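In what follows, a structure is listed as structure tokens, so that the remarks can point back to it.
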Number of protein chains: 2
Amino acid sequence: MPLIDIAKPMSGVLPGFVGGTLDRADPVRNDPALQAAAFADPRAGLLMLNGLDPVLAGDTLAIEPMPSGADPADFVMLGQDDNGPLFVRLNADVPHGANFSPKVWDAAPHLSANALAIYGTARALVDWHARHGFCSTCGGGTTVNKAGWARKCLNETARDCGAEHFPRVDPVTIMLAEHDGRVLIGRQHRWPQGRYSALAGFVEPGETLEEAVARELWEEAGITVSDVSYVMSQPWPFASSLMVACMAKAVDDRLTLDESEIEDAFWVDPAGVRAAMNGEPGAPFLAPPVMAVAHHLFLHWLEKMGA
Amino acid sequence: MPLIDIAKPMSGVLPGFVGGTLDRADPVRNDPALQAAAFADPRAGLLMLNGLDPVLAGDTLAIEPMPSGADPADFVMLGQDDNGPLFVRLNADVPHGANFSPKVWDAAPHLSANALAIYGTARALVDWHARHGFCSTCGGGTTVNKAGWARKCLNETARDCGAEHFPRVDPVTIMLAEHDGRVLIGRQHRWPQGRYSALAGFVEPGETLEEAVARELWEEAGITVSDVSYVMSQPWPFASSLMVACMAKAVDDRLTLDESEIEDAFWVDPAGVRAAMNGEPGAPFLAPPVMAVAHHLFLHWLEKMGA
């Protein structure tokens, strides 16, 4: 199995959903015989979910034996480890468009990085399958393919169809613009009182990560940047984003906010960020939680500033 | 408009599709009155495509006036510049699952970075719309929304439906693993004779970019890496990928190839890469073209090695 020094764990604590060590068992996905063997493995485990929410058994994820007589088309094989293959059951009844749930925030502190990463992967896949029962190309029904890592259109008679569809991963840039020793933070209307974070937005077709960062800062805050640098990335299973955290140098500090997206934004110095990260009573804002990559982007900047 | 030093144009030449300067006009997408005004603008231009292929007028993209009486639901507004708004016509008849076309390689050397980026964006969007005439959630029909930057399900009666769907951007890692002053290159079965490049693979739900790099190198070449670093990114409109180029340090140089994915792979030193990049007759492989981000990843490595 691959080993990796996870990118820049500045605080010694990883962002949520980072650090999964499950072998994703790619060869099994393309081999019906290996799939059948994994499904029939007496050690096979079933990760329990409540809708899209995690289910804990003590301080880890609840995993039960696979039920007998189950239909492989109802499951995703998440991968395998020393305990054997691990599956999750598909569920068409999960709420569509569900965003992050308090149950995830409650569970996360109990879980290892690996367990939280397994949950995040399972959540993203169950959610994707629930929203892809039909073929976007022809409107026909789809069925599970490749051990749950794809769906295939059943409508072989339509032009070109039998199309294969793969789970989405939506890249999102999240960035701290820096000017004169301060960084720009903002808040959305629906956030808890006092919470501010890095600005963020989806990458669009036809742009680099760096161009997406520049566009978002221009659209949301009216600032122009001269330089963008990558810091770290994080999977974010609400629904299935890939957060890409960057720093950017702003040409000046005049703001023109897009008030449909951003309720408020301001420039903050290292002392203010440090106070917020420490949860001090007089801090200028409420910092994002350790699960969020923005928390680690703030730590990265404080370290860079020697603060 | 945002200005940006495009990430690391090592050679002074950008990878293809990078460097677009069109204002994507986000506020117009959410405002029907602004959309109508853009559509009625006498300066409005229509980017011509032949299926998904580019159409040239001399040494630039062919752009014609918008036809009168056209239905806004048949177009994407790509953005606007000093010449006014720019549109492209949707086309449900483009080949599904088309991969890159020789017409793009023929056209690219004639085009500016900005023109090639505009074409890439248009191609990715026309392709996406052609494959998303139906709602993946309920199977109902969909229609253009947000000036072509989304589609909306027309089936308001189905449970939860009227779902909004956004164009896909599929992140792909492409990487050079490095060991003892050499990098690993490989070739796929369908590539032109002699062509080798960096290994690559799609990012999956639940993993970071760095974890995806480590997994791909493990799956495809059987090597373990201890460190991954980001180099640059590139939009790649076949169909709509975001290429994320990285370096990785391999723990050792023993290879176990996944022969279903990789026909051959070997370790090459800076002199060999330099000879390939120069197109020398005795070079150990045929290098990827300047349009591909892999070309720029090789240049990045040669510069780092002082070669």
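The values are calculated or read from the model by the stated rules, or taken from the named source; none is laboratory data. No experiment lies behind these values; they were computed from the predicted model shown. Heads up, the Cβs are rebuilt from the backbone with ideal geometry, glycines too, and the neighbour counts pull from every protein chain shown. Side chains are part of the model used for accessible areas, which takes the heavy atoms of the whole protein and leaves out ligands, DNA and RNA. Shrake-Rupley method; radii C 1.70, N 1.55, O 1.52, S 1.80 Å.
At the nearest 100 Å², what buried accessible area, both sides summed, do you get for B and A when the probe is 1.4 Å?
On the way: alone 15150 and 15160 Å², together 24990 Å².
For chain B against chain A, roughly 5300 Å² becomes buried.
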Between A:Ile223 and residues 5 or more places away or on another chain, which pairs have amide H atoms under 5 Å apart, with H built 1.01 Å from N, and which residues are they?
A:Trp218, A:Thr256
Residues of A:219-229, mean number of Cβ from any other protein chain within 10 Å of their own Cβ, rounded to a whole number?
3
Could you work out the per residue convex hull volume over the alpha carbons of the protein assembly as shown, in cubic angstrom?
164 Å³
Under the convention of a label 7 Å out along Cα→Cβ, give the distances in nm from A:Val13 to the same position in every other copy, shortest first.
4.9
Sorting from shortest, the nanometre distances separating the label point of A:Gly58 (7 Å past Cα along the line to Cβ) from those of the same residue in the other copies are 7.6
Measure nothing fancy, just the Cα-based angle from helix B:209-221's long axis to the longest principal axis of chain B, in degrees from 0 to 90, nearest 10.
60 degrees
Determine the relative contact order of the stretch B:1-144: mean sequence separation of Cα pairs under 8 Å and six or more apart, normalised by residue count, in whole percent.
29 percent
From the label point of B:Gly141, set 7 Å along Cα to the beta carbon, how far off in nm is each other copy's matching point, shortest first?
2.3
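Tell me, what is the percent relative contact order of the stretch A:70-187, built from C-alpha pairs under 8 Å that lie six or more residues apart? Could you put the intermediate results ahead of the total?
Details: 132 pairs, mean separation 23.5, N = 118.
So the answer I get is 20 percent.
Can you give the Kirkwood hydrodynamic radius for chain A, in Å, rounded to one decimal and based on Cα pairs? Provide the component values of the computation, followed by the final result.
Working: mean 1/r = 0.0472 Å⁻¹.
Mean inverse Cα-Cα distance, inverted, gives 21.2 Å.
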Chain B: Cys lacking any partner C-beta under 4.7 angstrom
B:Cys246
Angle, helix A:293-304 long axis vs. longest principal axis of chain A, Cα atoms, 0 to 90°, nearest 10?
40 degrees
The stretch B:90-166 and the stretch A:209-248 have their Cα centres apart by a whole-number Å value of 23 Å
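For the stretch B:26-131, give the magnitude of the charge dipole about the Cα centre (Cβ charges: +1 Lys/Arg, -1 Asp/Glu; no others), in debye to the nearest 20.
Values: 6 positive and 13 negative charges, 39 e Å.
With Lys and Arg at +1 and Asp and Glu at -1, about 180 debye.
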Cα gyration tensor of the stretch A:1-131, axes a ≥ b ≥ c as square roots of the eigenvalues: rounded (a/c below 1.5), prolate (a/b > b/c) or oblate?
oblate
Whole-Hz ³J(HN,Hα) from phi, Karplus 6.51 cos²θ - 1.76 cosθ + 1.60, for the stretch B:44-54, glycine and proline x
3, x, 10, 6, 8, 10, 10, x, 9, 7, x
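What does the accessible area per residue of chain A come to in Å², with a 1.4 Å probe and no ligands, DNA or RNA counted?
Numbers: 12500 Å² over 307 residues.
On a per-residue basis, chain A sits at 41 Å².
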Which listed pairs, of A:Lys249/B:Lys304; A:Lys304/B:Lys304; A:Lys103/A:Lys146; A:Lys152/B:Lys152, have C-alpha distances above 28 Å, in listed order:
A:Lys103/A:Lys146
If the stretch B:170-304 were replaced by its equivalent ellipsoid, with semi-axes equal to the square roots of 5 times the Cα gyration tensor eigenvalues, what would those be, largest first, whole Å?
21, 17, 15
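Let me confirm one metric for peptide B:13-23, namely the mean number of other chain beta-carbon atoms within 10 Å of its residues' beta-carbons.
Partner-chain Cβ atoms within 10 Å, mean over residues of B:13-23: 2.
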In percent, how large is the relative contact order of the stretch B:190-301, given Cα pairs closer than 8 Å and 6 or more residues apart?
25 percent
Amide H contacts under 5 Å for A:Asp264, placed H, 5+ residues apart
A:Arg187
In terms of solvent-accessible area of protein heavy atoms at a 1.4 angstrom probe, what is the ranking of A:Ser136, B:Ser68, B:Ser260, highest value first?
B:Ser68, B:Ser260, A:Ser136
